[in-house]
Structure formats: C-alpha cells, structure tokens
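Structure, as structure tokens:
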Amino acid sequence: MIQGFKEFISRGNVIDLAVAVIIGAAFAAIVTAVVDNLVNPLIGAFVPSGDLASWVIPIPGLFATANLGIGGIISAIINFLAVAAVVYFALVLPMNKLAERRKAKLGVTEDVPAPTQEELLAEIRDLLAKQSSR
C-alpha cells in the first residue's frame, strides 16, 4: 500500500498538477487584486454606494430589511471573466497555435470522417444496381 502511494506521488503528472494549482492560486490573487483595485472602483463610480463590492439592494420585509449584496456578485463575475479571458488568451490560444504548427511541420493531416450509415447504404445500393444492370 505504501509502495503504491510512493509510485503515485512520484509520477510526473501529480507534481505537474500540484505546480499548476499553486501557480493558478497565485495568478488568481493577481487578477483579483487588479479587479478589486482597478476595475471595481471604476465601475463603482457609477453605482449609488460608490463602491461596487459594497453595493446592496435593500428589500423591505415584515420584520427587517434584507440587503442583497448585488455588488459582490457582480464583482465575482467580473473576476471570473477576467481570469478566464487571461487564461484563454495567454495559455489556451497560444498552445492551440503551437499544436497546429507542429501538425503542419510533421505533415499530419486531419482524419477524414468515416462515412455515415446512409452514405454506406447508398453506395451499396448503387453497386447492387450496377451489378443487376449487367
């Protein structure tokens, strides 16, 4: 049991994943700081409270007023979209371009999709019709 655990930990994939999680957390902290200190104050200039994160919508109730923290939700959405955009444009898009260049350099072509059942049946029908007409 201990040997299996040692093999699992010593695999490169686990170490790569751990590094990716640590780098991802640090990266998320940077993006969060930019959103909280640059984007949110700019948007906050247009909300009633002056601060996007503290913007609430009061809903009167029977016994007390409920405050919906709409600013915090909007802030989290902006943060997510910022992280997703940076990951896509900084990592995914360049890696896809690099993979395309490698395929082109190696001369790898896209596989031709297999014919559908209808196409195969039509081809069989045509062959049978050709044979019966002889």
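In table form, for the structure just shown:
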read-out: Selected residue [touching a helix residue (DSSP H, G or I) at 6+ places or on another chain (Cβ under 7 Å), of a type outside the set (Phe, Trp, Tyr), in a helix (DSSP H, G or I) and modelled with pLDDT of 85 or more] from ILE23, ILE30, ILE73, ILE78; value: ILE78
read-out: Some residue of segment 10-28 being under 20 Å from the mean Cα position of the chain (by Cα), touching a residue at least 12 places away in the same chain (Cβ under 8 Å) and closer than 15 Å to ILE77 by Cα; value: yes
read-out: One residue from LEU62, LEU91, LEU68, LEU98 being out of contact with any Asp or Glu (no Cβ under 6 Å at 6 or more places or on another chain) and within 20 Å of ALA25 (Cβ to Cβ); value: LEU91
read-out: Flag if LEU42 is closer than 15 Å to ILE74 by Cα, at pLDDT 85 or above, not in a strand (DSSP E or B) and not aromatic (Phe, Trp, Tyr); value: yes
read-out: Tally of residues being more than 22 Å from the chain's Cα centre (by Cα) and not small (Gly, Ala, Ser) across segment 33-86; value: 23
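Per-residue answers, yes or no, for (1) of a type in the set (D, E, K, R); (2) surrounded by 11 or more Cβ atoms within 10 Å (Cβ to Cβ):
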| site | (1), (2) |
| --- | --- |
| VAL86 | no, yes |
| VAL92 | no, yes |
| MET95 | no, no |
| ARG102 | yes, no |
| LEU127 | no, no |
| ARG134 | yes, no |
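The values are calculated or read from the model by the stated rules, or taken from the named source; none is laboratory data. Just so it is clear, the model here is predicted, and its values are computed rather than measured. Methodologically, a virtual Cβ is constructed for each residue, glycine included, from the backbone with ideal geometry; neighbour enumeration extends over all protein chains shown.
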